[in-house]
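Okay, so here's the structure we're looking at.
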Amino acid sequence: QGRSVPADQVMVINDTLTDSTQQVADDYLGKMQSVFTGAKTKFPEFDLVLLGIGPDGHTCSLFPNHPLLEERTAWVAPIDDSPKEPPHRITLTLPVVNHARKVAFVASGAGKTSTVRAIVDERNVHLPATHVAPVNGDTYWFLDHAAAKGLSVNKPSEFKL
């Protein structure tokens, strides 16, 4: 029998707030601050951040060439000009993701092969997922054979929380 994540450890976006994405981001920031009080650093330290990647190398809602890639102080940011639907959303910022103890990317399918290679092997700085680099943690990639095809490093690695 599986175990559930306790409800008080899940922070959901309040979808009843419809005035602005800034209002939604502020509400979510308040939830995060209530959990990460007394943080040793100025950013929260998640045990694990689980991410996907888009074919354009975006992760979270951080898109190539978007000004949010330069955000250095906010924990959560609104985005009102997303190049992918929906256009209005919120996202964690790179400093928050990069303060996680573990970051895990999950990608599958041949449609992600060249993107994964550009991030992992080529370290293409134009792709947002390339900028995910935990300052005191580790990054893991969970890929199927199609997404991992052609990588220079293609050996399983151990994953521990």
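The values are calculated or read from the model by the stated rules, or taken from the named source; none is laboratory data. Keep in mind the model is a prediction, meaning the values are calculated, not measured. In this analysis, Cβ positions are derived from the backbone assuming ideal geometry, glycine residues included, and neighbour counts consider all displayed protein chains. What goes into the accessible areas is simple: the full protein's heavy atoms, side chains included, and nothing from ligands, DNA or RNA. Shrake-Rupley method; radii C 1.70, N 1.55, O 1.52, S 1.80 Å.
The residue pairs whose first member lies in segment 1-28 and is without any contact (Cβ under 8 Å) to a residue 24 or more places away in the chain and closer than 21 Å to Thr73 by Cα, whose second member is of a type in the set (A, V, I, L, M, F, W, C) and assigned to a helix (DSSP H, G or I), and whose beta carbons are closer than 6 Å, counting only pairs six or more residues apart or on different chains, do not exist in this structure.
State whether the residues of segment 57-74 include one that is open to solvent by less than 30 Å² (accessible area, probe 1.4 Å), assigned to a helix (DSSP H, G or I), in contact (Cβ under 8 Å) with a residue 12 or more places away in the chain and of a type in the set (A, V, I, L, M). Scanning segment 57-74 turns up at least one residue that is open to solvent by less than 30 Å² (accessible area, probe 1.4 Å), assigned to a helix (DSSP H, G or I), in contact (Cβ under 8 Å) with a residue 12 or more places away in the chain and of a type in the set (A, V, I, L, M). Among the residues of segment 137-144, is there at least one that is of a type in the set (D, E, K, R), closer than 18 Å to Asp56 by Cβ, surrounded by fewer than 20 Cβ atoms within 10 Å (Cβ to Cβ) and in contact with a Ser or Thr (Cβ under 8 Å, 6 or more places away or on another chain)? The answer is no; no qualifying residue exists. Restricting attention to segment 6-33, the residues being surrounded by 10 or more Cβ atoms within 10 Å (Cβ to Cβ), outside any loop (DSSP other than H, G, I, E, B) and among the aliphatic types (A, V, I, L, M) number 4. Flag not set for Ala107, criterion: modelled with pLDDT under 95 and surrounded by 19 or more Cβ atoms within 10 Å (Cβ to Cβ).
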